[in-house]
Ligand code: SF4
C-alpha cells in the first residue's frame, strides 16, 4: 500500500522541456554532438539553461529553422543534410551525432529518423547518427535523457553474460565509487549506460540486471526489458536508506551473502550518519514544498523526511510512473500529498498559504519566492551535483540546509527588490 | 536552416516579454509549449527581479493538438485576466504556436473582455528579440493611443512657452534586459532637470497603460534606445506631430550634441553645456599625462547597433584610440553601422555568429576589445583585454552600484570600464619584463595570470590562423624571435603592420629585415 495520496492537476506549467538534458548529456559523452532541429527559442533555451557558453566550440547546437524551411519539407530534409555535413567537416572528432527533435520540428513533421538513416548510409560508420525528441510538447526536462538513452539501445550488442548495468547519468566520481562498492560485494561485471564515450556502448541481453540511478528512465527501461534485461525494482540511490536498498537489491540479484553486504555497508552507513547529523539538526521539523520539475522530487522527499526529519507539505512531480515509483511511494509517510502535473498559479497560492521553510523549484521561480521571504533551492542543481550513494548523503542534505543556514546568518527582514 | 551554437538575440517573443515585464498593469498571454517558460529566468535570475514576469504560458502539449487548442487558449486568457486584473492585455504566440495557427490575438479580441487587447504578430522564423521588443512597444502605444479618444495633431513644440510652464519630454526605449537602462534613465533625468526640462513619461520601463496614454502630453520625445523605440517615435511624430531627438547621449560629445538637439527641438535658447567638464572626469582623465599610453590603442568593437556606434565615437574622439574593427548583430542597425565603419576606413561586420566575430578579432589584432559577454570570452581565449559594452545581458551587467552608460556619469563609468583592463595590461607588461627574475621562474603567476601576456611561447609558435588568412605569408623563426622582443602591448600592431607591408611588397617570408623595413615604412607615413 502506498503511503502517499496521489492527486492530479492541470493548467499552466512552469518546467523545462527535454532539450535541457543536453546540458549534462554532452558532458557525459564528450565525443558526441547534440544537434537540435528547432527554432531560435530552442537555441536560446539551452544557452540560457547552461549559462553563458565559455567554450570556443560547444558540443551542442541548433539547426534553426527559417521561413523557407517551413515552406517545403523535402527542402528542409536536404537543408538538414547540408547542415550536418558542414558540422561534421568542421568537427571531425564527433563520433555520435544526436539529431534532437523539438516542438517546431515535430509540428511540421520533419522526419529525423529518415534523415538519420540516410546520413548513416552515407557516412558508413564514421559517425553514427541517431535521433530522439526533446520537444516541450512531449517531454519534460529530464525526460530528454530518457529519449537519448532509448535511442542508443538499438545500437547495443547482444550478450547473455551475467552483468550489472547501471543506467542513468551519474557524476563520474560517484559512478567510480559505486562500482568500487559493488566490487566489494563480489559483483565484477559492471557496466554503465550512458557510457563515458558514446562509442563504448555496453552489450545487453538475458543475463543483464539493470539498476536505475535516476527515476525518469521509463522508456529506456522498457526498451532494455525488451532486449531481455531484468529491471530490478527498488528505490533510488538518494540518501542512506535509498542507496542501501538500491545496493541490497543488486546484491540479492547477484546472490551476495547478506553478511558481505552488511560488512561492506555498515561502516559506510555509520560514517554517513555521523556526517548527516549536523544537517538533520538544521532540517528537522522544517516544512518542505517541492514544485514539479526534475522527477527527482519523490525520492528527495522520501530522503528529506525519513532521514532528515523535514515535514512534507506537497510533493509535485511533472508526471508519475506509478510502477517505477512504487517502492518510493511506499516509503513516504501516510497521507503525503503527491501532485502530478501542475497549475503553477494555484500551486504558488498553496505555497504562500502553507508558508514553507524551503521550496524546491525551477530557476524562474526562485528569486520571486525569495523576495517574498521564502527560501528556495533550484531543482536543476540535483541533476548537476554528485548526490547519489551513501557517501553523498550528507552532501545532499547540505544542499537543502544551506539556504536555511544562510537565512539565519542574514538575519535581516524581507529584502527590498527592484 | 542555420547552424547556431550560440545566439546574441533570443526569439521575438522574448522582446515582447521585455516590454510586458518592464511595465506595470500589463499582462502577456503567450501561446507556447512548457519549455518556453525558461524565459522567466532571464528576468528573475539575470536581471535579479523579485517578481515573476507578467506572463501566462498556455503550455499546450502534443495531446492537445488533436483537440481544441482554441478553447485552451481562451481558458488561459480568461484565467489570466481574472487573476491578474491587468489594465491592458498582450496576446501572442511563440515559434511553435505560430505553426498551428490558432490566432490567439483574434480569439482574445472576440472574447468581449473589458480591457484593451493588443494582438502581437511576431514572426519567429525571420525576426529576433530586439525587433520583437520594438514591434510590441509600437503596437502597444499605437493601440492605447488610438483607443483613447483625444487625438491632437495640432502639436507645437513651443506650447510650453504659451502655457507658461517648463518644457516636458518622454524618455522612450528603456526596458528590462537592456544594457544599463535602469541607471541611464536616472542620469538623463538628472541632466534634463538641470536644464529645466521635465519628464512627462518614461516608457516602457515602469510605465502603466495609463502613462502610455499620457505620452501625447509631452512637447517632444527622447529616443534613448533606437532598437526599441525608434518605430514608436516615428509613429508619434507622424500621427501626433511630436518630434523626437535622434542622438543617443553616450559619451561626452554625444551628450553635448544630444542636449543641443533637445534644446533646438524645444526651442530653448540657452545652449551652454560646459557643465560636461565639471560634471564628468573623462575629458580631464583622458587629457592627463598618464593617458598618453592610450594613444593609438587598437580597439575592436562589436555589440548592438546603438552601443557599437557610440563606442566607436568615444574610442576615437574622446580616448584617442584607433578603431580597427566594428560590427553589430543588430541587422536593423546594419546600415548605420556600415556608414560609421566607412568613416573609419573599415568594413562593418554584420553577423550573428560569434565565431565569425572571434575570427575578425584575431585578424585585426586589437589591444582592446569592446564587445558583449561573448566577446569577453573570445578575448580571454586570445589573451586580449576586454570591456563589455552591450547586451545580451549577463548577471554581471546588472551591477549593484549606479553605473549608467549615458550622460556625464556614464562617461566616467566608460572611462573606468575601458581603461582598467588596459592598466592591467600595462602591469602585465612589467611582469613580463621581470619574468626572467627568479621570483617568476617556477611558474609564479600574478592574479592576472589568466590574461595572455605571460604566455610568451604562444606567440613564438607558428600562428596557423594568421597564415591562413593572409595567404602564404609566413614568419621565419628569426623574424618571430625579433617580433618577440617587442613589448607585447604593441606586438599585435607591429605584427599586423608588418604582414600588411609584406603583402604590399609581395614578400612571402617575413624575417627581421622585413620587420624593420615595415617599421620604417609606416613611420615615414605618419
Ligand atoms: S518547448 Fe519546444 S519550442 Fe520551446 S525550447 Fe523546448 S523544444 Fe523548443
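The values are calculated or read from the model by the stated rules, or taken from the named source; none is laboratory data. Just so it is clear, the structure is predicted and the values come from calculations on it, not from any experiment. Cβ atoms come from the backbone with ideal geometry, glycine included; neighbour counts cover every protein chain shown.
Look at residue A:84 and say whether it is crowded, with 20+ Cβ neighbours inside 10 Å, more than 16 Å from the ligand (Cβ to nearest atom) and either within 29 Å of the chain's Cα centre (by Cα) or without any contact (Cβ under 8 Å) to a residue 40 or more places away in the chain (or both). Answer is yes for this residue.
Output the residues belonging to the stretch A:257-268 that are part of a helix (DSSP H, G or I) and either free of Cβ contacts under 8 Å to residues at least 40 places away in the same chain or under 25 Å from the mean Cα position of the chain (by Cα) (or both).
Answer for the stretch A:257-268, where residues must be part of a helix (DSSP H, G or I) and either free of Cβ contacts under 8 Å to residues at least 40 places away in the same chain or under 25 Å from the mean Cα position of the chain (by Cα) (or both): A:258, A:259, A:262, A:263, A:266, A:267.
Would it be correct to say that residue A:401 is within 14 Å of chain B (Cβ to nearest Cβ), over 18 Å from residue A:292 (Cβ atoms) and modelled with pLDDT of 95 or more? No: the conditions fail for residue A:401.
Answer with yes or no whether residue B:407 is touching a residue at least 12 places away in the same chain (Cβ under 8 Å) and closer than 27 Å to residue B:274 by Cα. Answer is yes for this residue.
Entry remark, the stretch A:172-197: residues being in a loop (DSSP other than H, G, I, E, B) and crowded, with 18+ Cβ neighbours inside 10 Å number 2 in total. Residues that are assigned to a loop (DSSP other than H, G, I, E, B), more than 30 Å from residue A:326 (Cα to Cα), within 11 Å of chain B (Cβ to nearest Cβ) and away from the ligand (no atom under 16 Å from the Cβ) occur in the stretch A:58-73; there is at least one. Scan the stretch A:371-390 residue by residue and report those that are in a strand (DSSP E or B) and under 23 Å from residue A:213 (Cβ atoms). The answer is A:377, A:378, A:388. Within the stretch B:80-108, if we keep just the residues that are out of contact with any helix residue (DSSP H, G or I) (no Cβ under 7 Å at 6 or more places or on another chain) and not in a helix (DSSP H, G or I), the residue that is farthest from the other protein chains (Cβ to nearest Cβ) turns out to be B:103. When the helices (runs of 4 or more DSSP H) confined to the stretch B:407-520 are screened for residues that are more than 29 Å from residue B:311 (Cα to Cα), modelled with pLDDT of 70 or more and touching a helix residue (DSSP H, G or I) at 6+ places or on another chain (Cβ under 6 Å), those reaching at least 3 such residues are found at B:477-484.
If I filter the stretch B:86-93 for residues that are buried (at least 16 other Cβ atoms within 10 Å of the Cβ), modelled with pLDDT of 95 or more and within 16 Å of the ligand (Cβ to nearest atom), do I get at least one hit? Checked against the condition, which is being buried (at least 16 other Cβ atoms within 10 Å of the Cβ), modelled with pLDDT of 95 or more and within 16 Å of the ligand (Cβ to nearest atom), the stretch B:86-93 yields at least one hit.
The residues of the stretch B:375-387 that are crowded, with 24+ Cβ neighbours inside 10 Å and under 14 Å from the mean Cα position of the chain (by Cα) amount to a single one, B:375. Consider the stretch B:36-54. How many of its residues are touching a helix residue (DSSP H, G or I) at 6+ places or on another chain (Cβ under 6 Å) and not in a helix (DSSP H, G or I)? Here the count works out to 6. Could you list all residues from the stretch B:109-129 that are buried (at least 21 other Cβ atoms within 10 Å of the Cβ) and in a helix (DSSP H, G or I)? Hit for the stretch B:109-129 is B:129, nothing else.
Among the residues examined, residue B:178 qualifies as surrounded by 24 or more Cβ atoms within 10 Å (Cβ to Cβ) and closer than 29 Å to residue B:45 by Cβ. Considering the conditions (1) closer than 21 Å to residue B:29 by Cα; (2) in a loop (DSSP other than H, G, I, E, B), residue B:77 is excluded by exactly one of them, (2).
Need a quick list: helices (runs of 4 or more DSSP H) entirely within the stretch A:92-159 having at least 1 residues that are modelled with pLDDT of 95 or more, over 20 Å from the mean Cα position of the chain (by Cα) and not assigned by TED's automatic domain parsing to the domain that holds residue A:201.
A:103-107, A:112-123
Just to be sure before I move on: is residue A:39 surrounded by 24 or more Cβ atoms within 10 Å (Cβ to Cβ), within 12 Å of the ligand (Cβ to nearest atom), in contact (Cβ under 8 Å) with a residue 40 or more places away in the chain and over 24 Å from residue A:316 (Cβ atoms) in the structure I sent? When the stated conditions are applied, residue A:39 passes them. Taken as a whole, the structure places residue A:79 among residues that are in contact with a strand residue (DSSP E or B) (Cβ under 9 Å, 6 or more places away or on another chain), within 11 Å of chain B (Cβ to nearest Cβ) and assigned to a helix (DSSP H, G or I). Looking at the stretch B:44-56, is at least one residue more than 17 Å from residue B:115 (Cβ to Cβ), touching a strand residue (DSSP E or B) at 6+ places or on another chain (Cβ under 6 Å) and within 16 Å of the ligand (Cβ to nearest atom)? No, the stretch B:44-56 has no match at all. Of all residues in the stretch A:12-31, those being more than 13 Å from the chain's Cα centre (by Cα), in contact (Cβ under 8 Å) with a residue 12 or more places away in the chain and either within 13 Å of the ligand (Cβ to nearest atom) or part of a helix (DSSP H, G or I) (or both) number 4.
Each residue in the stretch A:95-112 was checked for being over 14 Å from residue A:132 (Cβ atoms) and surrounded by fewer than 22 Cβ atoms within 10 Å (Cβ to Cβ), and 4 of them qualify.
In the stretch B:33-53, the residues that are more than 7 Å from chain A (Cβ to nearest Cβ) reach residues that are in a helix (DSSP H, G or I) and buried (at least 23 other Cβ atoms within 10 Å of the Cβ) with C-beta atoms within less than 7 angstrom, at least six apart or across chains, in these pairs: B:39/B:14; B:39/B:17; B:43/B:21; B:53/B:17; B:53/B:20; B:53/B:21; B:53/B:40; B:53/B:43.
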